[in-house]
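Presented below is the structure to which this report refers.
Computed from the coordinates by the stated procedures, all read-outs in this text should not be read as laboratory data. All figures in this text were calculated on a predicted structure; none of them were measured in a lab. Cβ atoms come from the backbone with ideal geometry, glycine included; neighbour counts cover every protein chain shown.
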Amino acid sequence: MEKDYLKTRFEPEEFEKLKKKLVRYECALDVVRTQLSNLNTYYNNFEAINPIEHIKHRLKSPESIAGKLKKKDLPVTADAADEHLSDIAGI
């Protein structure tokens, strides 16, 4: 049984706005991943203990973003996603 909010989609104009925002999130993830990777390399080479075991990242899909907005009774817009969702990207 699929839940209705999982079938929610962005309107084409909003989807284009969201794609631009997702590029910014992806770039931010790249910056943080690079910094963590550099720290990982440093700890592996110069310290006895490395607090970084592994580095994983994710970027929420547009479908998942739309579903979460719908589930929270928010408008399915790129701006609403930016304002109300704190888990679009994670590392």
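With the biggest extent put first, the Cα atoms of the stretch 43-91 measure 50, 17, 14 Å across the principal axes.
With the convex hull of its Cα atoms as the shape, the stretch 27-70 has an orientation-averaged projected area of 3.9 nm².
Modelled label positions at residue 26 and residue 53, each set 7 Å beyond Cα in the direction of Cβ, lie 3.0 nm from each other. The alpha carbons of the chain stretch over 51, 30, 18 Å along the principal axes, in descending order.
Take the Cα of residue 84, go 7 Å toward its beta carbon, and the backbone nitrogen atoms of the stretch 39-75 under 20 Å from that spot belong to 60-75. Compute the angle between helix 12-46 and the longest alpha-carbon principal axis of the chain, please, reported from 0 to 90 degrees and rounded to the nearest 10. Taking Cα atoms only, the helix is inclined about 10 degrees.
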